[in-house]
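Enquirer: I'd like to ask you about the structure that follows.
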Amino acid sequence: MSEAHPIRIFNSLTGRKETFVPLVPGRVGMYVCGVTVYDHCHLGHARSAIVFDAIRATLVNRGYEVHYVQNFTDIDDKIIRRAREEGKTSEEIAAAYTSSYHEDMDRLGVKRPDVEPLATGHIPEMILIISALIEKGAAYAAGGDVLFRVKKFPSYGALSKRSLDEMLAGARVEVSEIKEDPLDFVLWKASKPGEPAWPSPWGPGRPGWHIECSAMAMKHLGQTIDIHGGGHDLLFPHHENEIAQSEAYTGRSFVRIWVHNGFLNINREKMSKSLGNFFTIKEVLARFDPEVVRLFLLSTHYRHPIEFSDQSLRDSRSALDRMYRFLDLLARSREEAPRPFGVGGEKDILDRIRDFEGRFDEAMSDDFNTPLALGSLFDLVREMNRHLVSERSQGRRVSTGSLDLAEDAVRRAGKVLGLFRHDPRAWLEGAGGPDGDERRPEVERLVAERTAARKARDFALADEIRRRLEETYAVVLDDGPGGTTWRRKAEGGNGEPGTRGMGESANG
């Protein structure tokens, strides 16, 4: 793997960027907290999934063997409540919404993790850890519950940068009569009548939320893992508690680098089900192509908040239109005048491609700076378009080899970002949105009528059809030597999302 740009990652624990060196050379163990499967996922869940999908792809692109684990919490108060409301079992609810999550992620182009453990599949491992914590004096049983003694873990609060006094004043600390200290948190929870339960040394019950991830991460990745990720809202108390219980159990460092993505906001408030200000992934994908959503979510640095709006998604669609027009132009240029490599002035193109590849790799190596990487991609497209137009105006043609190299460079970047999965011509003809297939027959009928009108020299009718296509279907026509083709009209914005959250502003 190339060491031209060492990968540097912002570690939430230390508060600074660190050069990434995995525990085992060439291999990366990465654990990301998954969803609680009691409902359809919202766009905030999509952001986290796409962020870590791009992080994983970057590591793989650099030659690492990545073992990626992402869990499902399939037993929880919310799941139990939903099951009662719908007259189903908790297992049925969890299975239905796990399937819904997979459907959403598949559409968004998120690659499945190597392991997707279920909390209910790791009860013995949790009981083993809890039992050991009790033996060490780091936990205690009380009324069928088991709780962790926070003050027995001196470095508690290091991740969230909170003092014990600040935590006591926080609204998220659960107070209970059975706690020795208000900060203590539940490892095992006694089940109420009618609730799902598993046998344990402390009576029938189920695991607390935090112990799940420690057990699953260590089971599949070992006692110390390279990267642990999740949304910023998980930093406290969830990840803070994971550190405490895991390190109290093993006596070792639990995670080497903590990675947290920022919130997805609506009107400057975090998108969440508890606030009721969310859009499900399914609702958004009913109006925008999955690649549009992906580009929108990658257009801001992963650690920064991102503001949701329809206009931002429309801007992202316009940006993708530009990219697909470029890929289509490369294909057309190859078809029109294929020439062997090395004929004519190719140095400018090769220099541009090498510069782009270096800038893209540097951006992704610097804490996975996707907006900066996208900026380099759009710069390449702008410069290449300008060069191709200039060459044509002087009666020259670019070699097939150079065109292939340019497309390969864009495709490789797209593979890391999860973009450009459509055929360019199909995208430009309307496949890049939910209404594409429905409008295509009518658009193609009108294009054929206009072609016939032009052949009959009825230019007034041809112009009228062109206006109708543009006004009614937002379609733009391109007349060329090979005939007439059509594409969707770009909607607003400058089509370049690679400027939000770029560069050193990502230092946090």
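Enquirer: Restricting attention to region 231-269, and to residues there that are in a helix (DSSP H, G or I) and among the aromatic types (F, W, Y), which single residue is surrounded by the most Cβ atoms within 10 Å (Cβ to Cβ)?
Expert: In this case the residue turns out to be Y249.
Enquirer: Scanning region 100-137 for residues that are surrounded by fewer than 20 Cβ atoms within 10 Å (Cβ to Cβ) and among the small types (G, A, S), which turns out nearest to the chain's Cα centre (by Cα)?
Expert: Per the criteria, the residue is G109.
Enquirer: Give the number of residues within region 356-390 that are in contact (Cβ under 8 Å) with a residue 12 or more places away in the chain and farther than 30 Å from S48 by Cβ.
Expert: The qualifying residues number 5.
Conditions (1) more than 22 Å from L234 (Cβ to Cβ); (2) surrounded by fewer than 18 Cβ atoms within 10 Å (Cβ to Cβ); (3) touching a residue at least 12 places away in the same chain (Cβ under 8 Å), marked per residue:
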residue	(1), (2), (3)
P6	yes, yes, yes
S12	no, no, yes
G29	no, no, yes
H40	no, no, yes
R47	no, no, yes
V60	yes, yes, no
S90	yes, no, yes
T98	no, yes, yes
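Enquirer: Can you find a residue in region 29-45 that is farther than 23 Å from P290 by Cα, in contact with a helix residue (DSSP H, G or I) (Cβ under 9 Å, 6 or more places away or on another chain) and hydrophobic (A, V, I, L, M, F, W, C)?
Expert: Yes, because at least one residue in region 29-45 is farther than 23 Å from P290 by Cα, in contact with a helix residue (DSSP H, G or I) (Cβ under 9 Å, 6 or more places away or on another chain) and hydrophobic (A, V, I, L, M, F, W, C).
Enquirer: T14 versus (1) more than 22 Å from K219 (Cα to Cα); (2) assigned by TED's automatic domain parsing to the domain that holds R256: which is the lone unmet condition?
Expert: Of the numbered conditions (1) more than 22 Å from K219 (Cα to Cα); (2) assigned by TED's automatic domain parsing to the domain that holds R256, the odd one out for T14 is (2).
Enquirer: Considering only region 97-118, I want to know if a residue exists there that is farther than 16 Å from I281 by Cβ and in a helix (DSSP H, G or I).
Expert: No, region 97-118 contains no residue that is farther than 16 Å from I281 by Cβ and in a helix (DSSP H, G or I).
Enquirer: Consider V21 against the criteria (1) farther than 30 Å from L285 by Cβ; (2) touching an Asp or Glu at 6+ places or on another chain (Cβ under 7 Å); (3) free of Cβ contacts under 8 Å to residues at least 60 places away in the same chain: it satisfies all of them except one. Which criterion is unmet?
Expert: Condition (2) is where V21 drops out.
Enquirer: Here are some residues: E116, E135, E166. Which one is within 23 Å of D74 (Cβ to Cβ) and either touching a Ser or Thr at 6+ places or on another chain (Cβ under 9 Å) or without any contact (Cβ under 8 Å) to a residue 60 or more places away in the chain (or both)?
Expert: Step by step, each of E116, E135, E166 is checked, and only E116 is within 23 Å of D74 (Cβ to Cβ) and either touching a Ser or Thr at 6+ places or on another chain (Cβ under 9 Å) or without any contact (Cβ under 8 Å) to a residue 60 or more places away in the chain (or both).
Enquirer: Return the only residue of A319, A286, A244 being modelled with pLDDT of 95 or more and either farther than 23 Å from R27 by Cα or not acidic (D, E) (or both).
Expert: Result: A244 is the single residue among A319, A286, A244 that is modelled with pLDDT of 95 or more and either farther than 23 Å from R27 by Cα or not acidic (D, E) (or both).
Enquirer: Restricting attention to region 145-179, which residues are modelled with pLDDT under 95 and in contact with a strand residue (DSSP E or B) (Cβ under 7 Å, 6 or more places away or on another chain)?
Expert: Of everything in region 145-179, those that are modelled with pLDDT under 95 and in contact with a strand residue (DSSP E or B) (Cβ under 7 Å, 6 or more places away or on another chain) turn out to be I178, K179.
Enquirer: Quick one: L446 ticks every box in (1) touching a Leu at 6+ places or on another chain (Cβ under 8 Å); (2) at pLDDT below 85 except a single one, so which number is it?
Expert: (2)
Enquirer: Tell me, which residue of region 451-490 that is in contact with a strand residue (DSSP E or B) (Cβ under 7 Å, 6 or more places away or on another chain) and assigned to a helix (DSSP H, G or I) is modelled with the lowest pLDDT?
Expert: Checked region 451-490; the qualifying residue modelled with the lowest pLDDT is E470.
Enquirer: Also: Is there any pair with a first residue in region 200-217 that is within 19 Å of D77 (Cα to Cα) and part of a loop (DSSP other than H, G, I, E, B) and a second that is charged (D, E, K, R) and at pLDDT 95 or above whose Cβ atoms are under 6 Å apart and which are 6 or more apart or on different chains, and what are they?
Expert: Matching pairs, first to second residue: G208/K189.
Enquirer: With the condition being under 20 Å from the mean Cα position of the chain (by Cα), I'd like the strands (runs of 3 or more DSSP E) fully within region 1-50 carrying at least 3 qualifying residues.
Expert: In region 1-50, the matching strands (runs of 3 or more DSSP E) lie at 8-11, 27-32.
Enquirer: Looking at R82, is it assigned to a loop (DSSP other than H, G, I, E, B) and among the basic types (K, R)?
Expert: So R82 does not fit the description; no.
Enquirer: Let me ask something else about it. Is it true that some residue in region 237-251 is assigned by TED's automatic domain parsing to the domain that holds R47, out of contact with any helix residue (DSSP H, G or I) (no Cβ under 7 Å at 6 or more places or on another chain) and more than 30 Å from G143 (Cβ to Cβ)?
Expert: No, region 237-251 has no match at all.
Enquirer: If you take the residues in region 335-356 that are buried (at least 17 other Cβ atoms within 10 Å of the Cβ) and part of a helix (DSSP H, G or I), which one is modelled with the lowest pLDDT?
Expert: I349
The values are calculated or read from the model by the stated rules, or taken from the named source; none is laboratory data. Keep in mind that this is a model prediction, so the values were computed, not measured. Neighbour counts are summed over all protein chains in view; Cβ atoms, including those assigned to glycine, are modelled from backbone coordinates with ideal geometry.
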